[in-house]
Structures are given as C-alpha cells and as structure tokens.
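Everything on this sheet refers to the single structure shown next.
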Amino acid sequence: ADAPSYIWGYAVGLDMTRRDLQGEAKKQGRPWEVGKGFDASAPISPIRPVSATGIVTSAHIWLKVNGATRQDSDVSKLIWNVNETIEHLSKYFELQPGDLIYTGTPEGVAAVQQGDLMEGGVDGVGTLRLRVGSA
C-alpha cells in the first residue's frame, strides 16, 4: 500500500525530559515547557523517506543505556498509531511540511546521567547513538 501523502518519512528520536526543571515548574504552578524544551532535548536520527522504509506500522523499537536494555517493544503497540496521532494533532495545530512528531515510547522510561551512552532504534528506520552531556 502507498503511504499517506502527509507522511514524508520516519526517524528515531529521543524526547528527553529534565525532571528537575519539570518538578520545579509543577511546584510553582507554571508550565512544564522548560522541562521538555531545553537545549538538545530532542535528538533525532536522519529522516528516511517512506519510499525507503515503507509504511511503518510494526517494527521492533528499542533503547539501551550503557549497553543494558531499557526499552524493548514494537511500534504496533503504540496507544495511538501514526495516523491517529496526526489526526488528533491536526485538531490543535496547523501541521506543515517539515514538522516533526514524536509518537511515544515503550515502557521502561528511567533517568539517565551525564556520561551515559544511549543507543536506540526502530528496525527498518534507523538508529541513534549519543552520550548524555551536562545539564
């Protein structure tokens, strides 16, 4: 089947959270945005076009930290599939070419520390490898 025209491609991304900043904002009754939108908070692999990946509805998704598996699942287990996510977001935002949507993550979310090596991937899409920098 052909991919919907509104999906150009897929990538592997890490949607990081600074829990310290998020927690402080919560205590003060302020928006949590600073805990999500800090510098280098959303690293991403190269984007592969749908023509190279096909429609990604089922694929192994994983994350290792310092070589130990933290997350291990399948894209098919997302609560909302990619099309449902786009449909929902379209109600609130005017999505434009070039917009990136991070879809979610499997169970296993946990803290990382400065110096940790993070390696993650989605089979057929790509991998992402990075070392956690300073806060």
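The values are calculated or read from the model by the stated rules, or taken from the named source; none is laboratory data. Everything quoted here is computed from the prediction, not taken from an experiment. Cβ sites come from the backbone with ideal geometry, for glycine too, and all protein chains shown count toward neighbours. With ligands, DNA and RNA removed, areas are computed over all heavy atoms of the protein, side chains included. Shrake-Rupley method; radii C 1.70, N 1.55, O 1.52, S 1.80 Å.
Sequence-distant contacts, meaning Cα pairs under 8 Å at least 6 residues apart, place the relative contact order of region 38-113 at 27 percent.
Carbon-plus-sulfur accessible fraction, region 1-114 (probe radius 1.4 Å, protein heavy atoms only): 52%. Mean separation of Cα pairs under 8 Å and 6 or more residues apart, divided by the residue count, gives the chain a relative contact order of 27 percent.
The label-point distance for residue 102 and residue 74, in a model that sets each label 7 Å from Cα toward Cβ, rounds to 2.5 nm. Shape of the chain from its Cα gyration tensor (a ≥ b ≥ c, root eigenvalues): rounded if a/c is under 1.5, otherwise prolate when a/b > b/c, or oblate? Oblate shape, in that a/c is at least 1.5 and b/c is the bigger or equal ratio. Heavy-atom accessible area, probed at 1.4 angstrom with all protein chains present, ranks 16, 118 as 16, 118, highest first.
The modelled label-to-label distance between residue 116 and residue 33, using points 7 Å beyond Cα along the C-beta direction, is 2.7 nm. Sorting 123, 74 on solvent-accessible area from highest to lowest, probe radius 1.4 Å, gives 123, 74.
Could you rank 12, 109 by how accessible they are, 1.4 Å probe, largest area first?
Sorted descending by solvent-accessible area, the residues read 109, 12.
The sum of -39500 (n - 2.57) across all DSSP H runs of n ≥ 4, divided by the residue count of the chain, sets its helix-only mean residue ellipticity at 222 nm to -4500 deg cm²/dmol. Scanning the chain for GluC sites (Glu not before Pro) lying in DSSP loops with no more than 15 further Cβ atoms inside 10 Å, the longest uninterrupted stretch between such sites is 1-93. Of 31, 106, 46, the residue with the greatest mean-square motion in the GNM of the chain, using alpha carbon springs below 10 Å, is 31.
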